[in-house]
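J.: Next up is a structure, given as structure tokens.
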Amino acid sequence: MQTLNNAKAGGIVLSMANSIIENRAYLSEIDGKIGDGDHGINMAKGFGMVADRIRGKELSLARALDTLGTVLMTEIGGSMGPLYGVMFTEFAEQIDGVESIDNEAYSRMLHAGLAGIQSIGSAKVGDKTLLDTLVPAVEAFDSATAEGKSFGEALDALVAAAETGRDSTLNLVARIGRASRLGERSLGVLDAGATSCAIILKELSEGARQRLQRH
């Protein structure tokens, strides 16, 4: 059985922050085609603040995620701050006090984050939002686990599904948020939230996979 040591995994959040910061211009460029054009800027600002606070500290994954969620909810603007803020805070709450995170605990964490987002927004799969990345990713992880795949294999399935979900937004018409006013003109452009969500899930899951321990 493979598990992730919670106490030693806070560095995953630092890698996630670095990846968002590196993709700042790209995320804003996508967003500029059908939105405000500030998605990358806002995200990089929030994740950058978190990176400064956790760098050099030995934090658990739960603690690092909680720090990230709190900053995004309280200190960055835009529509994505509260959505990602609640997702990361829910993630943290589910694994707080869990010493060794296994498939089941990781699945509970993912579902709690998804439920948190759904509780404050009305979007669903197909509306060209981050849910087009997140929902298939969670489902793929659960399916792989149900099939008896290892934690690492389930994480790989999650990342692949997240990226397929992100790409699916190219062919969707935006139904929620600012981009929805463009109607058919939102076709042919990736959704910025779906794209940042794929980056986040990839860093989170690859970081977890690299730290898995066998029992």
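J.: Per residue of segment 115-130, in order, report the coupling 6.51 cos²θ - 1.76 cosθ + 1.60 (Karplus, θ = phi - 60°) as ³J(HN,Hα) in whole Hz, putting x for Gly and Pro.
T.: Couplings: 4, x, 5, 5, 6, 10, x, 9, 5, 9, 4, x, 8, 6, 9, 4 Hz.
J.: Let me ask something additional. Grab the eigenvalues of the alpha-carbon gyration tensor for the chain, scale each by 5, take roots, and send me the semi-axes largest first in whole angstrom.
T.: On the way: eigenvalues 148, 79, 38 Å².
For the chain, the semi-axes come out at 27, 20, 14 Å.
J.: Can you figure out the FRET efficiency of T70 with R175, using R₀ = 25 Å and their beta-carbon distance, to the nearest 0.05?
T.: Details: r = 30 Å, r/R0 = 1.20.
Between T70 and R175 the formula returns 0.25.
J.: Treat each spin label as a single point 7 Å out from the Cα along the C-beta direction, and report the N5 to Q118 distance in nm.
T.: Once both label points are built, they end up 3.5 nm from each other.
J.: Under 5 Å between amide H atoms, partner at least 5 residues away or on a different chain: which partners does K124 have, H built in plane at 1.01 Å?
T.: none
J.: Can you tell me how much longer the chain between K57 and S143 gets when fully stretched, taken as 0.36 nm per residue apart minus their C-alpha distance, in nm with one decimal?
T.: The K57-S143 span can extend by a further 27.4 nm.
J.: Treating only the Cβ of Lys, Arg, Asp and Glu as charged (+1, +1, -1, -1), what charge dipole size does segment 2-214 show about its Cα centre? Round to the nearest 20 debye. Each step should come with its number before you reach the end.
T.: On the way: 21 positive and 28 negative charges, 73 e Å.
About 360 debye.
J.: Now a separate question. Number of Lys-Lys pairs in segment 2-214 under 19 Å by Cα, sequence gap 8 or more or different chains?
T.: Close lysine pairs under the 19 Å cut-off: 4.
J.: Determine, for each peptide in 120-127, 55-62, the mean count of other beta carbons within 10 angstrom over its residues, then list the peptides with the highest first.
T.: Order by mean packing, descending: 55-62, 120-127.
J.: Rank L155, G207, A192 by how far each Cα sits towards the positive end of the charge dipole of segment 2-214 (+1 on Lys, Arg Cβ; -1 on Asp, Glu Cβ) and give me just the farthest.
T.: It is A192.
Readers should treat all values here as calculations from the given coordinates under stated rules, not as data from a laboratory. No experiment lies behind these values; they were computed from the predicted model shown. Virtual Cβ from ideal backbone geometry, glycine too; neighbours counted across all protein chains shown.
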